[in-house]
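This report refers to the structure that appears directly beneath it.
The values are calculated or read from the model by the stated rules, or taken from the named source; none is laboratory data. Only a predicted model underlies this, so the values are computations on that prediction, with no experimental measurement involved. Here the Cβ positions follow ideal geometry from the backbone for every residue, glycine too, while neighbour counts run over all protein chains shown. SASA here: full protein model, heavy atoms, side chains in, ligands and nucleic acids out. Shrake-Rupley method; radii C 1.70, N 1.55, O 1.52, S 1.80 Å.
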Amino acid sequence: PRIRSSLDEAVSPGAESLIANARERKLLRGVAIGVVRGEDSFFRLYGENVTPESVFEIGSITKTYTAELLARLIQQGAVRLEDAVALYLPGGLQAHPGPRPVTLLDLATHHSGEPRLPPGISGLSRNPYAHYREADLKSYLRSRPLQTPRQKQFAYSNLGYSILGNALARAADTTYAELLQREILDPLQMRETALALGQPQPKLLDGYTQSGWKSSHWAF
């Protein structure tokens with residue numbers, strides 16, 4: 001696509017005001033806004049350390065990639081929304097029999113009843129997932145019947161999307177990283193997007209809390 005350095009044609013003036021207000025209140029130190037419209041891409045950068053080559057940690061926005069993987073596997077006939085997630089768990093981890101099995105749709109829409117975080121992880125930790133392994137997830141799944149609550153309610157769950165991503169990878173007979181690369185990153189030529197960066201990245205931007213403290217980068 002053609003890349004332009006102006007958002008004037010793609011974004012209302014209210015966006016400028018919103019960003020200016022957030023920066024004045026020190027809620028944001030650096031921002032990159034991008035819009036894709038047809039064959040054109042628009043972007044604008046805010047903050048002295050933000051450049052076109054800057055790398056951001058996107059955190060929970062990764063869920064949109066997992067949801068896209070779900071849609072693609074449905075199109076390919078590999079899975080169905082109404083499938084019980086237990087169908088795609090490894091041997092010995094199938095959910096206990098029950099009338100309300102958690103489905104892929106339940107996980108994707110945060111109606112599975114799973115807690116926000118896995119047991120033993122604190123949301124206050126500076127790097128909460130650093131020591132959480134696939135073995136920990138398997139141990140959790142062995143101990144919890146994957147049944148939905150009698151009264152389904154929306155409850156945002158990082159753990160639920162972790163289970164969903166794991167199940168989709170197994171449905172495709174690959175790893176989550178390889179599935180992401182095959183279905184999204186390679187087709188869209190997203191050469192500077194990665195699940196794990198590995199070596200230290202000089203272009204990786206620092207994040208900050210609302211109190212102004214620098215946040216540590218997270219490891220998974």
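Tabulated results
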read-out	value
Restricting the stretch 175-191 to residues that are open to solvent by 100 Å² or more (accessible area, probe 1.4 Å) and either in contact with a Lys or Arg (Cβ under 9 Å, 6 or more places away or on another chain) or part of a helix (DSSP H, G or I) (or both), the residue that is farthest from GLU134 (Cα to Cα)	ARG182
Close pairs from the stretch 138-160: first farther than 17 Å from THR66 by Cα, partner loosely packed, with under 14 Cβ neighbours inside 10 Å, Cβ under 7 Å, at least 6 apart	TYR140/PRO119; PRO145/HIS96; PRO145/GLY98; GLN147/GLY98
TYR129 being open to solvent by less than 60 Å² (accessible area, probe 1.4 Å), modelled with pLDDT of 90 or more and not basic (Lys, Arg)	no
Filtered residue count, the stretch 47-61, keeping only those that are surrounded by 10 or more Cβ atoms within 10 Å (Cβ to Cβ) and of a type in the set (D, E, K, R)	1
The listed residue being assigned to a loop (DSSP other than H, G, I, E, B) and in contact (Cβ under 8 Å) with a residue 60 or more places away in the chain, out of ARG80, ARG72, ARG170, ARG126	ARG126
Residues that are modelled with pLDDT of 95 or more and surrounded by 14 or more Cβ atoms within 10 Å (Cβ to Cβ), drawn from the stretch 140-157	ALA155, SER157
Boolean, GLY77 is farther than 22 Å from ALA155 by Cβ and either surrounded by fewer than 16 Cβ atoms within 10 Å (Cβ to Cβ) or out of contact with any strand residue (DSSP E or B) (no Cβ under 7 Å at 6 or more places or on another chain) (or both)	yes
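For (1) touching a residue at least 40 places away in the same chain (Cβ under 8 Å); (2) outside any loop (DSSP other than H, G, I, E, B); (3) loosely packed, with under 15 Cβ neighbours inside 10 Å, each residue gets a yes or a no:
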| residue | (1), (2), (3) |
| --- | --- |
| LEU45 | no, yes, no |
| THR64 | no, yes, yes |
| GLY98 | yes, no, yes |
| ARG116 | yes, no, yes |
